[in-house]
Number of protein chains: 2
Amino acid sequence: MKYYFGVDLGGTSAKLALVNHSKKIVKDFSIKTSASASPEKLAKDVAAVFKKIKFSPGQRPQKIGVGVAGDIDVQNGVVRVSPNLGWKNVPLGPLLAKSTGVSIHIDNDANAAAWGIYQTQVPAHIKNVLVVTLGTGVGGGLIINGKLHQGATGSAGEIGHMVMDEEGRRCNCGLKGCLETYAGGTHLVKLAQSVLSQGLKSRLSPLYKKDPNLITPKSIADAAQKKDSLASAIFSHAGHMLGVGLGNLIYVLNPEMIFLTGGVSQSKDLILNPLRKSLKERPFQTPIRAVKIQIAKNPAQVGVIGAALL
Amino acid sequence: MKYYFGVDLGGTSAKLALVNHSKKIVKDFSIKTSASASPEKLAKDVAAVFKKIKFSPGQRPQKIGVGVAGDIDVQNGVVRVSPNLGWKNVPLGPLLAKSTGVSIHIDNDANAAAWGIYQTQVPAHIKNVLVVTLGTGVGGGLIINGKLHQGATGSAGEIGHMVMDEEGRRCNCGLKGCLETYAGGTHLVKLAQSVLSQGLKSRLSPLYKKDPNLITPKSIADAAQKKDSLASAIFSHAGHMLGVGLGNLIYVLNPEMIFLTGGVSQSKDLILNPLRKSLKERPFQTPIRAVKIQIAKNPAQVGVIGAALL
């Protein structure tokens, strides 16, 4: 029986998991990380977990897969930039290889999640899949012809910074009107806060008055479920603009399936309904009708499973 | 020696060519077509050309590749819609197979051009290429991992109808602000005509006064070469918006090369310079710096060569 080992490395914690040949997690672990974490310390911590696991002879994985939020040089295992971890040009692959004694594959975390979803939730005959991660920001991963598409520098799938309107709201990246400024959790919250600050009445008002920072994508979704107009408007707009962006991508990539994952996707129909409505307005329907759009299952596990199986 | 036979089927004429194993055209032919052409007549005309060619024993191609502008069902050889030819659900593949006696592969014309460029102008180690056709409209073809990417319904690469600004100018497709409304030849001409109709002085004014229909992308480019402000502004805007659209696609696809082809691309630096400037403004430069952007060679031949080699 073959095992795989994956690491899903985030800004506050790293999930580690042993995955069996049926692509199920059989053991999982957690390590604290931080924006000031030293890569050497992290490599030591991961190795300590990995080496403690008892394997029968021949069962120890010969490779560890790692997903990291940021710009990754997949070929050399270098984290070019990871804002969450405060890293720049960190040779994490070589460091981990040294500390664990096995070979290391590092990839972007959205790519790892895409691969995890493709490996566990997609029928075998489906070869072209787009995975959209709707978290604080917006990311993506592409499966094309059954393979994770990494592109020339491993940067492919960076859908959150497609410019949807050059005159739109300022994005963290410096540009204006990126898809992320319409559908990323941080921007949904900012939009709600900015409207609430103007005194508009909403189910969210008491929460906002208590502390503006208590507004989260989840609290907006809860209010929208209860038909609150402001919260509903925020989700309709986000879903609509996500539909425009995904419509563009459907025309370009013509995938068979699209999965939404990440915190904001848990609002389900609140985001899916306006998204689907927006897609129905496209005149050229052949590729639109061909794509099945759904919310990914097990959003908390697909990243580390994908990393392990990469 | 192996030969290939291709057909590049347009709204006014079809180019046919015999292509040798070095991917060079050794014989070419032309057939008149029209928006009211009967598919049966066309199949007969193509077969007449194909059957007249004298091949040594064993050299007759066993397959014909056809590129058609429109929405193509590649698997069944059906032209779902071709506005140029006025066709809807035409089983061109089966018709041609019957008339010629060989098997037929039909694909979108932009895909055929992309394959032709990939086969003749791209170094062997390059595997991810985006080809952008800037004609009256805007189209595209994707090479991913060394293969023409067709997607679920053969519709992939339809980049001209990516929405760049929902409040933009009305597109022929019914939506607003498609990439085509910024960089398609028809829209460049419309923009020039609309400004000239307001009496703005330009090198193009005499031509416009003679007949507004004499304004073409070529005449605008010629005026821009001579530093005419209106013409230059039109190309800067087109190049800039093309840069925004291609910037989005570079983030998504991370290709090694992008080729521009089609009439409007012949304006070369007029479109390339503002395009490159727009890309330089992107904050995340890793995939931008990795891509080589150039104008395709032999724009009149790549379509039929690509069709032959498909």
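Within region A:153-171, restricting attention to residues that are more than 7 Å from every other protein chain (Cβ to nearest Cβ) and under 12 Å from A:Val138 (Cα atoms), the residue that is surrounded by the fewest Cβ atoms within 10 Å (Cβ to Cβ) is A:Cys171.
Okay, residues lined up against (1) open to solvent by 20 Å² or more (accessible area, probe 1.4 Å); (2) under 20 Å from A:Gly151 (Cβ atoms); (3) out of contact with any His (no Cβ under 7 Å at 6 or more places or on another chain):
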| position | (1), (2), (3) |
| --- | --- |
| A:Asp45 | yes, no, yes |
| A:Ala48 | yes, no, yes |
| A:Ser56 | yes, no, yes |
| A:Ile64 | no, no, yes |
| A:Asp71 | no, yes, yes |
| A:Arg80 | yes, yes, yes |
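Applying the condition of being of a type in the set (A, V, I, L, M) and crowded, with 24+ Cβ neighbours inside 10 Å to region A:250-267 and asking which residue is farthest from B:Gly139 (Cα to Cα) yields A:Val264. The set of residues in region A:91-119 being among the β-branched types (Val, Ile, Thr) and within 17 Å of A:Leu142 (Cβ to Cβ) consists of A:Ile117 alone. Being more than 19 Å from B:Ile271 (Cβ to Cβ) and in contact (Cβ under 8 Å) with a residue 24 or more places away in the chain holds for only one residue in B:Thr153, B:Thr136, and it is B:Thr153. Candidates are the residues of region A:24-77 that are more than 21 Å from the chain's Cα centre (by Cα) and assigned to a strand (DSSP E or B); the one that is nearest to A:Pro94 (Cα to Cα) is A:Lys63. Of everything in region B:259-297 that is over 13 Å from the mean Cα position of the chain (by Cα) and β-branched (Val, Ile, Thr), the residue that is nearest to the other protein chains (Cβ to nearest Cβ) is B:Thr286. Of all residues in region B:133-147, those being surrounded by fewer than 24 Cβ atoms within 10 Å (Cβ to Cβ), more than 7 Å from every other protein chain (Cβ to nearest Cβ) and at pLDDT 95 or above number 1. Only residues that are at pLDDT 95 or above and more than 18 Å from B:His21 (Cα to Cα) were counted across region B:300-310, and they come to 0. In the set (1) closer than 19 Å to A:Ala110 by Cα; (2) charged (D, E, K, R); (3) surrounded by fewer than 13 Cβ atoms within 10 Å (Cβ to Cβ), A:Lys23 fails one condition alone, (3).
Residue pairs whose Cβ atoms lie under 9 Å apart, separated by 6 or more positions or on different chains, with the first residue in region A:279-306 and in contact (Cβ under 8 Å) with a residue 40 or more places away in the chain and closer than 14 Å to A:Gly243 by Cβ and the second crowded, with 22+ Cβ neighbours inside 10 Å and polar (S, T, N, Q), are A:Val291/A:Asn254. Residues of region B:172-188 that are more than 14 Å from every other protein chain (Cβ to nearest Cβ) and open to solvent by 20 Å² or more (accessible area, probe 1.4 Å): B:Thr186 alone. A count restricted to region A:130-164 and to residues that are of a type in the set (Gly, Ala, Ser), more than 19 Å from B:Gln285 (Cα to Cα) and more than 18 Å from the chain's Cα centre (by Cα) stands at 1.
Where residues in region A:202-231 are farther than 17 Å from A:Gly263 by Cα and touching a residue at least 24 places away in the same chain (Cβ under 8 Å), which of them is most open to solvent (accessible area, probe 1.4 Å)? Within region A:202-231, the match that is most open to solvent (accessible area, probe 1.4 Å) is A:Arg203. Is it true that B:Lys88 is within 24 Å of B:Gly140 (Cβ to Cβ), in contact with a Lys or Arg (Cβ under 9 Å, 6 or more places away or on another chain) and open to solvent by 70 Å² or more (accessible area, probe 1.4 Å)? Considered against the rule, which asks whether it is within 24 Å of B:Gly140 (Cβ to Cβ), in contact with a Lys or Arg (Cβ under 9 Å, 6 or more places away or on another chain) and open to solvent by 70 Å² or more (accessible area, probe 1.4 Å), B:Lys88 comes out as yes.
More than 27 Å from A:Gly168 (Cβ to Cβ), buried (at least 23 other Cβ atoms within 10 Å of the Cβ) and not β-branched (Val, Ile, Thr): is that true of B:Ala238 in this structure? So B:Ala238 fails the test. The residue of region A:78-115 that is nearest to the chain's Cα centre (by Cα), among those that are of a type in the set (A, V, I, L, M, F, W, C) and assigned to a loop (DSSP other than H, G, I, E, B), is A:Leu85.
The values are calculated or read from the model by the stated rules, or taken from the named source; none is laboratory data. Because the structure is a prediction, the values reported are computed rather than measured. Ideal geometry is used to build each Cβ from the backbone, glycine not excepted, and the neighbour counts take in all protein chains shown. The protein model used for the area step is the full one, side chains on, heavy atoms only, and it has no ligands, DNA or RNA in it. Shrake-Rupley method; radii C 1.70, N 1.55, O 1.52, S 1.80 Å.
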